[in-house]
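The values are calculated or read from the model by the stated rules, or taken from the named source; none is laboratory data. Bear in mind the structure is a predicted one, so any value in this text is a computation, not a measurement. Glycine gets a Cβ as well: all are built from the backbone with ideal geometry, and neighbour counts include every protein chain shown. Only protein heavy atoms, including side chains, enter the accessible area calculation; ligands, DNA and RNA are left aside. Shrake-Rupley method; radii C 1.70, N 1.55, O 1.52, S 1.80 Å.
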There are 2 protein chains.
Amino acid sequence: MTINRYKLVLEYDGGNFCGWQKQAISQEKTLKNHLPSIERTLETAIFKLIKESPKLFCAGRTDAGVHAWGQVIHFDLNKKFSPYKLTHAINSYLNQSNLITKDGEVVDENFHARFSATKRHYRYIIINRRARPIIDKDRVWHVPVPLDIQKMQEGAALLLGTHDFSSFRDAQCQSKSAIRTISSLLINKEEDKIIIEISAKSFLHHMVRNIVGTLVKIGINKIPANSILEILAAKNRPASGPNAPAYGLYFLKVEY
Amino acid sequence: MTINRYKLVLEYDGGNFCGWQKQAISQEKTLKNHLPSIERTLETAIFKLIKESPKLFCAGRTDAGVHAWGQVIHFDLNKKFSPYKLTHAINSYLNQSNLITKDGEVVDENFHARFSATKRHYRYIIINRRARPIIDKDRVWHVPVPLDIQKMQEGAALLLGTHDFSSFRDAQCQSKSAIRTISSLLINKEEDKIIIEISAKSFLHHMVRNIVGTLVKIGINKIPANSILEILAAKNRPASGPNAPAYGLYFLKVEY
């Protein structure tokens, strides 16, 4: 039988979900103010539409609160659809949710949303001013103390390249190796926002948010920029800074 | 008696207000799903704080739905405050609203938020893609048909400078003259957004939104870019395009 494999690009507002991964239904209903998972929301829409329940594979399992501009998933269906019609139809079943498919294509059976990815891009947005955010409420991390961007950039430069990122991984991270390669880490100021863009083939659990939390600690002069070297060398989570809030993080794009 | 004149910079989410201007209380409660005005919300906070009810003057009376990054107001108080303390105290009374004071200063009695302004800057954000917006829901105008930015830029160039903008003013506009000078009108694409930035000493009622609606009509090839010349010459509102939705418009900044 021929496999019909579809790749979709998703956008979602993470504040409305308990994260990518589905929980036991009973648990999902009691957890995090009854927020649904992205996985189950999409599964439900696909099942309503075509009465099939394919297993969904995503490029990165985002946590509760984390937004996506360009999450990528794939799944197999028995039926054949034009990607244009399929995404349109799925969206009509997602109408009441804070999730949408932006794009879709038919891919060959060797494509895997997670394992074929060659680069993942994340963006983290900080609003750096005294007044709390209004227009960007629930979309940015509010840091009221002035941040020294130049020092943050100095710290960021030391994270570039291949390192053991044990100090920046969550205790629950299941990856065998903590070695990762950051290919790009840019920090820019736009009006009262500080925008951090970070790219790598793959990341450890909480790695981006732990890096941001550590760079903010540098930006408020609590630790010097070159303390990044000691933090990396420590290979121990408590050595780095706090985990930056989920709602400032955007899963931007995946390259294949 | 000395006048204590204060200038404040405001940010607000226009979707939560019936616009700047207060209505009769009875009317405000029935209009637009009971949304309050920005003016009354601020008056109430100031009165709760210092038991004074100064008249508030703003740089531009935004309509229902229009957002502000940098609306400017001024008012006079009998009491003297440090601007830092005043804005902080006002914000504590605005805690439940979608409005905040970002900045404050003491100004001399010749300063007038409306009449002293030398330049006003607006931004209009369009999301130009098939899928409806999720992360930017209620913050952008969704145009699903591809827009030809180059043609929009050609049209925009013809609006620069001093013209009679009668074709771009609302029927209810109360300004005596329709002559205005657009000093800058830029259109840029950032990912799937089209960002229009427009500056002038002052604008007519609905002028920015009518200009955006007309540029979009050019962008979807309904009218050619140089039809701007005929529209200006017509001096008649029906000659131009539709009024773009309020929720894509941001009152960005005022110069004095």
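Using the reciprocal of the averaged 1/r over all distinct C-alpha pairs, how large is the Kirkwood radius of region A:1-115 in Å? Please list the in-between numbers first.
On the way: mean 1/r = 0.0702 Å⁻¹.
About 14.2 Å, per the Kirkwood formula over Cα pairs.
Ranked from shortest, the separations from the 7 Å Cα-to-Cβ label point of A:HIS88 to its equivalents in the other copies are 5.7 nm. The orientation-averaged shadow of the Cα convex hull for the protein assembly as shown, equal to a quarter of the hull surface, comes to 28.1 nm². The alpha-carbon of A:LYS176 sits under 17 angstrom from the alpha-carbons of these lysines, leaving out residues fewer than 8 places away in its chain: A:LYS201, A:LYS235.
Whole-percent P(r), region A:181-221, all Cα pairs, 10 Å bins from 0: 24, 55, 20, 1.
The three principal axes of the Cα atoms in region B:75-123 give end-to-end lengths of 33, 32, 14 Å, sorted in falling order. Chains A and B together bury roughly 2600 Å² of accessible area, counting both sides, with a 1.4 Å probe on protein heavy atoms only.
Treating the angle as unsigned and between 0 and 90°, give the value, to the nearest 10°, between the Cα long axis of helix B:207-219 and the longest Cα principal axis of chain B. Rounded to the nearest ten degrees, it is 30. By the rule of a C-alpha distance below 17 Å, with chain neighbours fewer than 8 residues away ignored, the aspartates and glutamates paired with A:LYS217 are A:ASP148, A:GLU154, A:GLU230.
Take A:ASP138: with every protein chain present and a 1.4 Å probe, its accessible area is about 100 Å². Between the Cα long axis of helix A:83-93 and the first principal axis of chain A there is an angle of about 80°, rounded to the nearest 10. Sparsely packed loop sites in region A:165-242 (the GluC sites (Glu not before Pro) outside DSSP H, G, I, E and B with at most 13 other Cβ atoms within 10 Å) comprise A:GLU191. Here the sum of -39500 (n - 2.57) over DSSP H runs of 4 or more residues, divided by the residues of chain A, equals -7000 deg cm²/dmol at 222 nm, to the nearest 500. When the other protein chains are added to the chain by itself, burial of at least 40 square angstrom of heavy-atom accessible area (probe 1.4 Å, ligands and nucleic acids ignored) affects these residues of region A:91-105: A:ASN98, A:ILE100, A:LYS102. Compute the acute angle (0 to 90°) between the alpha-carbon long axis of helix B:38-50 and the principal axis of greatest extent of the alpha-carbon atoms of chain B; round to the nearest 10°. It is inclined by approximately 20 degrees. Among chain B residues, the one whose Cβ is nearest the axis of the rotation from B to A, given with its distance rounded to whole Å, is B:ARG139, 5.
With every protein chain kept in place and ligands, DNA and RNA left out, what is the accessible area per residue of the protein assembly as shown? Probe 1.4 Å, answer in Å².
Details: 23990 Å² over 512 residues.
On a per-residue basis, 47 Å².
Interface residues of region B:54-78, defined as those with an accessible-area decrease of at least 50 Å² between the chain by itself and the complete set of protein chains (probe 1.4 Å), are B:TRP69. Give me log10 I(q)/I(0) at q = 0.20 Å⁻¹ for region B:38-102, Debye formula, one equal scatterer per alpha-carbon, no solvent. So the normalised log intensities are -0.83.
Label point of A:PHE115 (7 Å along Cα→beta-carbon): distances to the other copies' equivalent points are 7.4 nm, sorted ascending.
Sorted from nearest, the other copies put their A:ALA233 label points 7.6 nm away, the label point being 7 Å from Cα in the direction of Cβ. Among the trypsin sites (Lys or Arg not before Pro) in region A:191-246, those located in a DSSP loop and surrounded by at most 12 other Cβ atoms within 10 Å of their own Cβ are A:LYS222. Computed from the alpha carbon positions, the gyration tensor of chain B leads to an equivalent ellipsoid with semi-axes of 34, 20, 16 Å, biggest first.
Summing charges over all other residues whose Cβ lies under 15 Å from the Cβ of B:SER184, with Lys and Arg as +1 and Asp and Glu as -1, gives +4. Surface composition of chain B: carbon plus sulfur atoms contribute 51% of the solvent-accessible area (1.4 Å probe, protein chains only, all chains present).
About its Cα centre, region B:107-230 has a charge dipole of approximately 260 debye under the convention of +1 per Lys or Arg Cβ and -1 per Asp or Glu Cβ, with nothing else charged. Partners of B:LYS51 within straight-line reach, counting lysines whose Cα lies under 27 Å from its Cα and excluding those fewer than 8 residues away in the same chain: B:LYS7, B:LYS22, B:LYS29, B:LYS79, B:LYS80, B:LYS85, B:LYS102. First obtain the Kirkwood hydrodynamic radius of region A:82-207 from its Cα pairs, then insert it into the Stokes-Einstein equation at 20 °C and 1.002 mPa s, and state the resulting D in µm² per second as a whole number. In µm²/s, the coefficient rounds to 120.
Of all the C-alpha pairs in region A:174-256, what % are more than 20 Å from each other? Don't jump to the answer; show the numbers that get you there.
Values: 1204 of 3403 pairs.
Summing the P(r) of region A:174-256 above 20 Å gives 35 percent of all pairs.
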